[in-house]
Structures are given as structure tokens and as C-alpha cells.
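The values are calculated or read from the model by the stated rules, or taken from the named source; none is laboratory data. This one's a predicted model, so the numbers in the text were calculated from it and none came from an experiment. Please note: Cβ atoms are built from the backbone with ideal geometry, for glycine as well, and neighbour counts cover all protein chains shown.
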Amino acid sequence: MSVAHRVPPGWRQIIEDLEQQVEIVDAYEDDWSGDLIIRALLDDMRDQRLVAEAAAKAAISCRECGKPGRLRGNRIVCRDHSPGDPWQRIIRNSARCLACGDEIESTHRHDFVRCRCGKLAVDGGHAYLKRLYDPASRWQETSIEEVVMPFSGFRHNGMGDDIND
Ligand SMILES: [Zn+2]
Ligand SMILES: [Zn+2]
């Protein structure tokens, strides 16, 4: 039976193609790294190579649509399916509720955390910044994001100065 349904839609074809050649036991998206993990019965070097190639292809294919993608946050996506600003990587997803003083942090994608008084909740881990709050109450953003160097568009001369042209 095919395991392709267990992976995100953008990677199904990769798994279906691989299944023609290798017996796959399981395939899934690693929630922490965003990688496609493939467990297969490997008979020989050829099988090993095919599995490695499939995983490498997924690493540059959008999990949603299969178009060229890259790791943004902790999901491999194209720009259209990027959960947030493609040039930002979330290091810490947190906020402070000014009603009760709690600072709450969401550490992974489905980590929904609510403050003591219930007026603020954060979700999304390092994938996206989701906030749920009582509109009458106040809260403060305490997240940390870093700017990610894009694949192209900027060039660097290796000496710490941008090339102007
Ligand atoms: Zn996409
Ligand atoms: Zn609170």
C-alpha cells in the first residue's frame, strides 16, 4: 500500500515515483527540521542512492505544491506558500500578556500556549507567529526573528562589503 498520502501534497509524486523502485516502509515530514524522512527496505547501493536522491529532491521542493522551494522557518516551501516573510526566520515565538504579566512561548508548530489569565495565546512555533488575544487587553511582542540571506538578489564579495552594481 502506498505511503504517499502520509507526506505533504507537494512531495507525493516524489514518493510515488520512488515506490516504483524501492519498498518504502514509511515516509513523513519531520516536524522539527521540515525534512522528508523516508524509511525503506534497502536491498543494495542502488536503493540507497534512490532514497537519498528522493530526500534531496524534497529538500528543494515546496511541501505544498512541489515547485522549487527552500527551508523557511522550519518548512520547505516556495515563496507563494511561505508562512511569513521569506527573509525572516523565527528564532523565538513569544509574547507577554500585560494583564497577568506572563511571557509565553510557542516552541513548535502546534504548540498552542495560553497565559495564566487567558487573554493571550501564542501558536506556530518557529513556522509562523500566530496570536489570539482579547481585543480589550494589552500585550507585547517579545519574539526574535533573524534576517535570512536569500539565494539570489544580493551578492557578496566575501570581504564584508556588498557589491554595488
Ligand atoms: Zn508552493
Ligand atoms: Zn494574561
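Checking each residue of region 1-11 against the condition of being under 27 Å from E145 (Cα atoms), outside the structural domain of K130 (by TED's automatic domain parsing) and not β-branched (V, I, T) gives at least one match. Here the condition is being in contact with a helix residue (DSSP H, G or I) (Cβ under 8 Å, 6 or more places away or on another chain), of a type outside the set (F, W, Y) and under 28 Å from S82 (Cα atoms); of A59, A54, it holds for A54 alone. The residues listed here are R63, R75, R70, R46; of these, the one that is over 30 Å from V147 (Cα atoms) and not assigned by TED's automatic domain parsing to the domain that holds F112 is R46.
Inspect region 29-41 for any residue being more than 24 Å from H126 (Cα to Cα) and of a type in the set (K, R) and give the result as yes or no.
Of region 29-41, the ones more than 24 Å from H126 (Cα to Cα) are 39-41.
From the residues that got through so far, the ones that are of a type in the set (K, R) too are 39.
Scanning region 29-41 turns up at least one residue that is more than 24 Å from H126 (Cα to Cα) and of a type in the set (K, R).
Where strands (runs of 3 or more DSSP E) fall entirely within region 26-78, those with at least 1 residues that are touching a Gly at 6+ places or on another chain (Cβ under 6 Å) and surrounded by 18 or more Cβ atoms within 10 Å (Cβ to Cβ) are at 75-77. Of the set (1) loosely packed, with under 15 Cβ neighbours inside 10 Å; (2) within 13 Å of ligand 2 (Cβ to nearest atom); (3) hydrophobic (A, V, I, L, M, F, W, C), all apply to F112 but (2).
Quick check on D134: is it farther than 30 Å from A4 by Cα, within 16 Å of ligand 2 (Cβ to nearest atom), among the acidic types (D, E) and surrounded by fewer than 21 Cβ atoms within 10 Å (Cβ to Cβ)? Walk me through it before giving the result.
Working: farther than 30 Å from A4 by Cα: yes; within 16 Å of ligand 2 (Cβ to nearest atom): yes; among the acidic types (D, E): yes; surrounded by fewer than 21 Cβ atoms within 10 Å (Cβ to Cβ): yes.
In short, yes.
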